[in-house]
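Since every read-out is calculated from the coordinates, none of them should be taken as a lab result. Just so it is clear, the model here is predicted, and its values are computed rather than measured. Methodologically, a virtual Cβ is constructed for each residue, glycine included, from the backbone with ideal geometry; neighbour enumeration extends over all protein chains shown.
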Amino acid sequence: MNPDIEIVNWLNKQFDEDGDLKSITFEMCNYIDEEIGDGVKSEKSHNLLKAVRQDLQKIHLIVDKMNFFHKQSLSNSQDEFFRDSIGFSTIPTYLGMDIEYFFVKYRSIIDYSIDLLVEFYPELKKKRYKLEDKMNYLHDVFKENEFITKMILSTKWFYQFKEIRNSIVHNGASCLIFNESGNREILFQIYNTELTELLVDNDYYKYNQNVYFFRRIYVVYMAYLLFYLETLFRSIIAKKKGIQFSKVEEKYSTNLPEIPIPGFKITHIPNQSAKVLLDWTLDYLNNLDFKDKSFLSDNN
């Protein structure tokens with residue numbers, strides 16, 4: 001099966017029956033509290049996990065706002081707030097800036113996770129590895145699980161996002177929205193200053209030859225990011241505790257205290273915060289039966 005489909009199926013399983021999304025940092029926080037306790041290392045680790053949670057929440061919120069704005073753009077009675085001085089819609093500009101923000105925050109989350117890895121493997125700090133070298137170091141961390149190695153380290157997700165983010169932040173690249181009348185999709189491409197297309201992916205993600213569906217790109221790359229984070233955190237715990245990777249969830253996500261707030265789950269993010277991701281994940285999986293059957297294979 002194509003790795004993209006595998007990873008999106010994994011993402012779909014992270015939502016419970018109420019549509020709440022599993023908190024990706026919970027087990028690591030629980031481990032730090034139980035095994036490290038108070039202290040400088042614990043505080044720094046918690047602050048890095050907090051940064052991960054905050055930026056994930058910002059991504060959820062910015063995409064929720066994008067979804068709202070795009071629906072406004074489909075309305076015939078669009079509010080004047082969304083029009084410029086000569087009557088053209090300003091929504092495509094807002095959407096383009098939001099997509100650029102998504103790429104920047106996505107890369108920031110990876111940076112925080114690598115900083116956390118360095119807290120537990122100080123040798124990475126001493127050798128002053130570049131980020132790419134630290135990602136390669138994860139081969140050793142993940143070596144016991146062939147599927148994890150395949151899904152995290154043998155795919156292009158990290159390097160594509162790194163290139164696009166760096167081009168946006170350092171080299172003036174920008175996102176262009178293609179505002180086709182009546183189209184329910186957010187259509188986009190990232191161009192550098194020479195107008196070279198920076199986003200290159202499978203035909204399933206394309207609207208046409210060089211324009212992409214944002215909702216499908218968003219789903220698959222969020223799936224890779226969340227899978228990477230959960231795997232990294234569990235691998236750190238397993239290695240430090242000397243337990244099997246598969247036992248981490250059982251040890252740090254079960255037998256938890258009851259929270260006296262109806263409907264509140266300490267291990268999950270409420271559906272309200274991640275509803276767009278769930279809806280678009282289901283849409284991604286429901287639309288796999290399309291003209292390019294080669295996408296369903298493992299050769300992409």
### Message
Testing the spin-label approximation: label points 7 Å from Cα along Cα→Cβ at ASP111 and GLN54. State their distance in nm.
### Response
1.3 nm
## Note on the structure
Output row, site PHE88, 7 Å Cα→C-beta label point, backbone N cut-off 16 Å, window segment 164-189, residues 175-181
#### Entry: Gained length - TRP10 relative to ASN183, 0.36 nm times residue gap less alpha-carbon distance
59.4 nm
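Beyond 24 Å between alpha-carbons counts as too far, so tell me which of LYS58/LYS239; LYS22/LYS275; LYS105/LYS241; LYS44/LYS240 fall in that bin.
LYS58/LYS239; LYS105/LYS241
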### Message
What is the distance in Å between the Cα centroid of segment 173-234 and that of segment 33-63?
### Response
27 Å
